[in-house]
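Here is the structure we will look at, set down as structure tokens.
Read-outs: derived from the displayed coordinates by stated rules, not from any lab. Owing to the predicted nature of the structure, the values given are computational and were not obtained by experimental measurement. Neighbour counts are summed over all protein chains in view; Cβ atoms, including those assigned to glycine, are modelled from backbone coordinates with ideal geometry.
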Amino acid sequence: QVQLVESGGGLVQTGGSLRLSCAASGIIDSNINMGWYRQAPGKQRELVAIITSGGRTNYADSVKGRFTISRDNAKSTVNLQMNSLKPEDTAVYYCRAGYGSFWEYWGQGTQVTVSS
């Protein structure tokens with residue numbers, strides 16, 4: 001089992017920055033893939049960014065050039081640096097992790113609110 005705990009959410013003005021962190025614990029190794037999803041009110045949960053065990057990254061078009069995902073295998077953490085935030089980035093952000101094509105682990109979520 002893998003447990004994921006997010007931190008770093010909050011309230012920020014348009015154009016501001018936030019850094020989210022997700023700490024993984026339990027039975028994990030460096031082969032784990034990790035990522036961030038978000039869900040805004042009334043909308044489906046969507047991919048924000050993922051980083052594979054090999055360090056490959058993939059971003060949603062809406063965040064490219066503004067968000068950066070990174071990982072620290074020694075600390076079993078994945079981070080999401082969010083710059084130039086917009087009101088449409090307001091959502092609950094979830095950490096997700098898994099091995100291979102099985103992304104089965106979710107965190108409890110952290111709220112990000114961007115005021116206009």
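Figures for the structure shown
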{"quantity": "Whole-Hz ³J(HN,Hα) from phi, Karplus 6.51 cos²θ - 1.76 cosθ + 1.60, for region 55-69, glycine and proline x", "calculated": "x, 6, 10, 8, 10, 5, 4, 5, 10, 4, x, 10, 10, 9, 9"}
{"quantity": "Residues whose placed amide H lies under 5 Å from that of V48, excluding near-sequence neighbours", "calculated": "W36, Y37, R38"}
{"quantity": "Region 8-106, relative contact order [Cα under 8 Å, separation at least 6], %", "calculated": "35 percent"}
{"quantity": "Karplus-derived HN-Hα couplings along region 29-44 (A = 6.51, B = -1.76, C = 1.60, θ = phi - 60°), whole Hz, x at Gly and Pro", "calculated": "9, 5, 7, 6, 8, 9, x, 10, 10, 9, 9, 8, x, x, 10, 6"}
{"quantity": "Spin-label proximity, F102 to region 53-72 - amide N less than 17 Å from point 7 Å beyond Cα toward beta carbon", "calculated": "53"}
{"quantity": "Estimated inter-spin distance, S62 and T14, nm [label 7 Å along Cα→Cβ]", "calculated": "1.6 nm"}
{"quantity": "Nearest-0.05 FRET efficiency for T52 and K86, computed from C-beta distance (R0 30 Å)", "calculated": "0.65"}
{"quantity": "Diffusion constant of the chain at 10 °C, which comes from Stokes-Einstein with the Kirkwood Cα-pair radius and 1.306 mPa s, µm²/s", "calculated": "113 µm²/s"}
{"quantity": "Viscosity 0.692 mPa s, temperature 37 °C, Stokes-Einstein D of region 1-44 from Kirkwood C-alpha radius, µm²/s", "calculated": "252 µm²/s"}
{"quantity": "Protection proxy ranking, peptides 57-65, 19-27, average beta carbon neighbours within 10 Å, highest first", "calculated": "19-27, 57-65"}
